[in-house]
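The values are calculated or read from the model by the stated rules, or taken from the named source; none is laboratory data. These numbers come from a predicted model, not from an experiment. No Cβ is skipped: glycine too gets one built from the backbone with ideal geometry, and neighbour counts run over all protein chains shown. Areas reflect the complete protein model, heavy atoms only, side chains present, ligands, DNA and RNA absent. Shrake-Rupley method; radii C 1.70, N 1.55, O 1.52, S 1.80 Å.
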Amino acid sequence: MSITPLAAVRPAHRTAPLFRGRIGRDARSGHYAVPHRYRIHLSTACPDGLRLAVGHSLLGLDTRCPVTLLPAVPDCPDGGHTALRPLYEASAHHYTGPALGPVLSDDWSGRIVSTHTPDILRDLDRFRPDDRAGLYPAGLESVIEAVERMCAEGIEEAAQRAGRAGAGPRERAAALDTLLDTLGRLERRLSGEEYLADGRLTAADVELWVSLVQLDTVHRCHLDASAVHRVAGHRALWAYARRLAAHPAFGRHLDLDGIARRHHGRCQGLEAAGAAVQILDWASHAAHTPGACRR
């Protein structure tokens, strides 16, 4: 499969993660892969937290790497979590910034390994039991990276710009065109295909599914009704999103109330007519998922 990344979209400006330690394969790395040593702290109302929760379930890591759930809405004025403050202070001398999630921590030292979600998910993939299929199969790395860029730039950033308060009509129209072009590419790929790459679930599917959840539950609220109907017209793409929502590793982590509360607590934009045009009934599609699954 070949997915061409978006060349016309500028990379999103993101603050670099404070911690970028990696779990290695042996003791020389400092953080070597051993069961029960590491812990993930996340909120499934946060897109990065939802990505890690889904990947963690797909990899069958419940007994190897426990998860501590954080509140949907951070309880500190700076957007951080009180529960994470001791980890940050133990990991960085005189740390004064926000204690943000998600976090991968080392229970042996009481310190943070990483706050960078892509690295964490890749390290968890190496940490999986031998009977689980990996999320980053050999030979598909470039495809997965291309999907990650398309989701970040062509869906999430473009949707934000298309619904940004105060943006001019041309800026909003250009952003909507970028969003629809990206969805169209993915629609063509998923027409007749169950998954994005090699006929199997990979990290690319986790990335795209979370982006579609955000598009329908958050970004849609700031688009006009006509734009939402055009977004919803990608039938294969939303059928794919609906099918994955029914998968237990995906649907059981879908906290719609938490996503709504987090959005309302952070959003400074204006609600538009698209808020009344729901694309998927996520709750009904995810309602009957069992508590565990095996791939």
Check your understanding: Got a sec to turn the phi values of the stretch 152-163 into Karplus ³J(HN,Hα) couplings, 6.51 cos²θ - 1.76 cosθ + 1.60 with θ = phi - 60°, whole Hz, x for Gly and Pro?
Key -> 5, 9, x, 10, 5, 5, 5, 5, 4, 5, 5, x
Review point. Put +1 on the Cβ of every Lys and Arg and -1 on every Asp and Glu Cβ in the stretch 79-225; which of ALA165, ALA175, ALA225 then has its Cα farthest towards the positive end of the dipole?
Key: ALA165
Check your understanding: Going 7 Å from the Cα of ASP177 toward and past its Cβ, which residues in the stretch 217-250 have a backbone nitrogen under 14 Å from where you end up?
Key -> none
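How big is the dipole moment of the chain about its Cα centre under a simple scheme where the beta carbon of each Lys and Arg is +1, that of each Asp and Glu is -1, and everything else is neutral? Debye, nearest 20, please. Let's see the in-between values first.
Working: 36 positive and 34 negative charges, 36 e Å.
Dipole of the chain, to the nearest 20 debye: 180 debye.
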Check your understanding: Which angle between 0 and 90 degrees, to the nearest 10, do you get for helix 203-217 versus the longest principal axis of the chain when only C-alpha atoms count?
Key -> 50 degrees
Review point. How far apart, in nm, are the 7 Å Cα→Cβ label points at ASP131 and HIS93?
Key: 4.8 nm
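Could you give the length gained on full extension between ARG243 and TYR32, defined as 0.36 nm per residue of separation minus the Cα-Cα distance, in nm? Before the final figure, lay out the partial values.
On the way: separation 211, 0.36 × 211 = 75.96 nm, distance 3.59 nm.
Here the segment from ARG243 to TYR32 would lengthen by 72.4 nm.
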Point to revise | Accessible-area ranking of ARG122, ARG51, ARG188, largest first, probe 1.4 Å | key: ARG188, ARG122, ARG51
Point to revise | Interchain or long-range residues, amide H under 5 Å from ARG111's placed H | key: ASP106
Study note, to complete from the structure: Once ASP198 and ALA167 are pulled to full extension, the length gained, defined as 0.36 nm per residue separation minus their Cα-Cα distance, is 7.2 nm
Check your understanding: Protein chains only, probe 1.4 Å: how do THR63, THR217 rank by accessible area, largest first?
Key -> THR63, THR217
Point to revise | In degrees, nearest ten, helix 117-126 long axis to first principal axis of the chain (Cα) | key: 60 degrees
Study note, to complete from the structure: Of the residues LEU215, CYS151, LEU256, the Cα lying farthest along the dipole of the stretch 136-295 towards its positive end, which is defined by charges on the beta carbon of Lys, Arg, Asp and Glu, belongs to LEU256
Review point. What number, rounded to the nearest 500 deg cm²/dmol, is the helix-based mean residue ellipticity at 222 nm of the chain, given -39500 (n - 2.57) per DSSP H run of at least four residues and division by all its residues?
Key: -11500 deg cm²/dmol
Exercise for review: Specify whether the C-alpha gyration tensor of the stretch 190-267 places it in the rounded, prolate or oblate class, a ≥ b ≥ c being the square roots of the eigenvalues: rounded for a/c under 1.5, otherwise prolate if a/b is larger than b/c and oblate if not.
Suggested key: oblate
**Study point:** Residues whose placed amide H lies under 5 Å from that of CYS76, excluding near-sequence neighbours
**Key:** THR82
Revision key, fill the gap. So the carbon and sulfur contribution to the accessible area of the chain, 1.4 Å probe, in percent, is 50 percent
Exercise for review: Note down the accessible area of ASP125, probe 1.4 Å, to the nearest 10 Å².
Suggested key: 10 Å²
Study note, to complete from the structure: Of all stretches in the chain that avoid chymotrypsin sites (Phe, Trp or Tyr not before Pro) placed in a DSSP loop and having at most 15 other Cβ atoms within 10 Å, the longest is 109-295
Practice item. Please find the FRET efficiency linking SER226 to TRP108, where r is the Cβ-Cβ separation and R0 is fixed at 45 Å, and quote it to the nearest 0.05. Key: 0.25
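For the stretch 140-282, what does the accessible surface come to per residue with a 1.4 Å probe? Please give it in Å². Spell out each step's value before the answer.
Details: 6020 Å² over 143 residues.
That works out to 42 Å² per residue.
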Review point. Cα axis of helix 235-245 to longest principal axis of the chain: angle in degrees, 0 to 90, nearest 10?
Key: 30 degrees
